[in-house]
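Below is one structure, written out as structure tokens; the observations come after it.
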Amino acid sequence: LLIRCADARFLRLAEEVSRYLRSNGEMSVAMYSVLMKVYASCGFHGRACDLYQDMLHRGIEPDEAMYASLMRMAAECGRTDLSRELFRKAPRLEMHSATAVFKALSRDKDADGAFALLQKMKATDEELDITVYNCVLDVCVCAGELDRARALLSEMRSAGPVDIVTYNTMLKGFCSKGDLESARAMLHEMERDGCKPNDISYNSMINAAASAGNSQQAWRLIDAMQKQGISVDRYTLTIMLKAMRRDNEGEVRRTFQLLDGAGIDVCSEEVLLNTVLETCVRHGELRRLATVVEAAERSPSLMASISVHTCAAMIKAYSALHRPQRCVQLWELVVRQRALEPNAIALGCMLDALVCAGRVDDAVTLFHEWKSRFVGAATIMYSTLIKGFASAGRAKEAMDMWREIRALGVQLNVVTYNTLINAQVRQGCIAEASQLLASMEPDGVVPDAITYSTLAKGYAMRGDLDEAFEVFRKMRRNGLAKESVVYNTLLDGCTRHNRMDLADIVIEYIERDKIEPSNFTLGILVKMYGKRRQLDRAFEVFNRMPAQVGFEPNAQVLTCLMNACIINGALSRAWEVFGWIQASAEGVDAKACGVLLNGCVRAGYLEQAMQLVEDAYGLHGRRRLLPSGQHLAADNVHDFLRALAQRGLGQQTVDVLAQLRDVGVPLNGRLLSSLLDGGVAAGSPQLRGARPQRRQLQS
């Protein structure tokens, strides 16, 4: 039973079995050995070491194999003193026991201790092989003492030939220092001595290059490795996936091509799987993420022995894919059923998944269940919960949690305060937002540009633009008004509340302060000029600003320009802009189609509106314009059908409605009731008097 628990990482059953054995006095060396294996498989090496004292208390003396296992566990969890104690007590000085002690010394960067142990081993009658020297060499490298490592390498060479492990250990030392030149020299030295570099050799250098941000050098090393007939392995893939930068699309594409071409099952090794999952989430590769998650679910060996780290990565992946129930099911399996204790990362991922799914109360309950064990990570977790309350519009509860945090003496950071202020601003609670700002300095938190921008946004949203400008002036005095965010906020507020006098001042500030505008800035300006009936100026700024700054107007800006045309009665120009949206990289979305449809309906151009609806959904064999899963807003569809019916096109209204239903358009009750019972039907003689059409509509 215990052996099967170790294979499946089923901690709860293993502890039930051990409790039964202890209560009956039946624990033996063999039982302790397997229980230790259970803890090790679950990553609880410290708890495995604690079994040693329990054995001594029960009068059970470990055998040689148990001593060796205990030394390995002590090395894994950094309990060097225990490693040395066990080494002294071990009945024989076995090599595998010494290796565990050397590993502990490497963790502690204790080169002196390694040389002392080497001298002790030399004093025995047994002849030492190169493995012992390689262990000492590794301790020197981990301690950063490369001079002592070189001296030991000379001693090793004088005693006999060295092996690939020796060279790779030296390579690791140079690479950890970022000394790629010395690493390359060691690589050539290996080849000169007839020792062919292997995957470990190249992976050390690839990791050093990637960690230094030198991706070109890393790719050159991969090319050289492949030319030597050495295939990329899971370590190579893990290194390159972690090094991927979001801003380099070519590198992202090339790295994923390397992954696809390697022919490696990403579910065969948990570190690689976790890296792939996290990389897909970070880079928004949701289609690939879904494929990897489904492959993991189909892997019986993986799901039967999933670790806490993989559980955290899977929860984050499920959350990104909007599958909160799978997050809950996985948590139930790993934490509730198997009794594996989550780490701070796993708990943080689960809280975030619940918050993102709108289940803030469940997240709070879970947090209170576990918070006593993760005091050090409490700030991040509280921030997640506050974000949840903010997203749910529960500003009062966010403030209550802030008071709870302060009462507990948990250190807050600027991110938490910004989240709180944003929550209050979104609910129009400016007094509370100002109170939070006033509390930041006593709490040792310095407000940043986001803090002031959020407060300015709050004033601007409620139309108090004079106060918003006062916050803005304070930002400028403190040198914080360096980003376009606050300028955009003020400009948007001025446009919404028709304060064009202040809008012109903001535009002057943007030019004077040499603020680099963004697509968001451009969109606001286009909306503003459209609202001011200055369509030519809207087109002028649309053409000028991207060319000056060097960015491409996105679909949102084009939609704003199209709406400006509609507001100014220039429907033909709106259709022209719609053509630009179709030709853009982002393409048409439901928002753009809805804006143009609304414009056509209001102008009475129902034939063009009909054409747009048919194109949007690909009716009559046309190519569908809308992305899969997107639909026109219900209000847009309702207004269009209402206009058709009021024009006296009752049969056409019913036909369009049926076609929309057939392609999966959600038709709400308000729309159908309106067409049947009141406004629309009353304005349409065809629908009012024709019973067959009414029956069609009812069906």
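The values are calculated or read from the model by the stated rules, or taken from the named source; none is laboratory data. A quick note: this is a predicted structure, and the numbers were derived from the prediction, not measured. All Cβ positions, glycine included, derive from the backbone under ideal geometry; neighbour counts span all protein chains shown. The accessibility values were calculated without ligands, DNA or RNA, using every heavy atom of the protein model including side chains. Shrake-Rupley method; radii C 1.70, N 1.55, O 1.52, S 1.80 Å.
Criterion first (touching a Phe, Trp or Tyr at 6+ places or on another chain (Cβ under 7 Å), surrounded by 14 or more Cβ atoms within 10 Å (Cβ to Cβ) and either assigned to a helix (DSSP H, G or I) or among the small types (Gly, Ala, Ser) (or both)) does Met205 satisfy it?
The answer is no for Met205.
I'm trying to understand the selection: among the residues of region 575-604, which are in a helix (DSSP H, G or I), small (Gly, Ala, Ser), touching a residue at least 12 places away in the same chain (Cβ under 8 Å) and farther than 20 Å from Pro666 by Cβ?
Those that are in a helix (DSSP H, G or I), small (Gly, Ala, Ser), touching a residue at least 12 places away in the same chain (Cβ under 8 Å) and farther than 20 Å from Pro666 by Cβ: Gly599, Ala603.
Residue under question is Ser673, and the condition is that it be modelled with pLDDT under 80 and of a type outside the set (Lys, Arg); does it hold?
Working: modelled with pLDDT under 80: yes; of a type outside the set (Lys, Arg): yes.
Yes: the conditions hold for Ser673.
Every residue in region 175-201 that is assigned to a loop (DSSP other than H, G, I, E, B) and either polar (S, T, N, Q) or within 39 Å of the chain's Cα centre (by Cα) (or both), please. Quick ask: steps written out before the conclusion?
Of all residues in region 175-201, those assigned to a loop (DSSP other than H, G, I, E, B) come to 177-179, 193-198.
Of everything in region 175-201, those that are assigned to a loop (DSSP other than H, G, I, E, B) and either polar (S, T, N, Q) or within 39 Å of the chain's Cα centre (by Cα) (or both) turn out to be Lys177, Gly178, Asp179, Pro197, Asn198.
Looking only at region 328-358, filter to residues that are under 18 Å from Ala392 (Cβ atoms) and touching a helix residue (DSSP H, G or I) at 6+ places or on another chain (Cβ under 7 Å); which one of those is most open to solvent (accessible area, probe 1.4 Å)?
Only one residue tops the list, namely Cys356.
Here is a check on your reading of the model: is Arg288 more than 18 Å from the chain's Cα centre (by Cα) and modelled with pLDDT of 90 or more?
no
I need the full set of residues from region 320-360 which are of a type in the set (Gly, Ala, Ser), more than 30 Å from Ala6 (Cβ to Cβ) and in a helix (DSSP H, G or I), in order please.
Passing the criteria: only Ala320.
For region 145-174, which residues satisfy the criterion of being outside any helix (DSSP H, G or I) and either under 25 Å from Lys227 (Cβ atoms) or among the small types (Gly, Ala, Ser) (or both)?
Gly160, Asp163
Could you please find all residues in region 488-540 being open to solvent by 40 Å² or more (accessible area, probe 1.4 Å), of a type in the set (D, E, K, R), closer than 18 Å to Met475 by Cβ and in a helix (DSSP H, G or I)?
Glu508, Glu511, Arg512
Under 7 Å by Cβ, and 6 or more places apart or on different chains, what pairs join a residue from region 640-661 that is in contact (Cβ under 8 Å) with a residue 12 or more places away in the chain with one that is crowded, with 20+ Cβ neighbours inside 10 Å and outside any helix (DSSP H, G or I)?
Filtered contacts from region 640-661: Ala645/Ser684; Gln646/Ser684; Gly648/Ser684; Gly650/Ser684.
Restricting attention to region 546-568, which residues are more than 25 Å from Asn598 (Cα to Cα) and within 33 Å of the chain's Cα centre (by Cα)?
Within region 546-568, the subset more than 25 Å from Asn598 (Cα to Cα) is 546-552.
Correct list: Pro546, Val549, Gly550, Phe551, Glu552.
Any chance you could count how many residues in region 605-624 are part of a loop (DSSP other than H, G, I, E, B) and either among the acidic types (Asp, Glu) or open to solvent by 30 Å² or more (accessible area, probe 1.4 Å) (or both)?
Residues flagged as part of a loop (DSSP other than H, G, I, E, B) and either among the acidic types (Asp, Glu) or open to solvent by 30 Å² or more (accessible area, probe 1.4 Å) (or both) within region 605-624 amount to 4.
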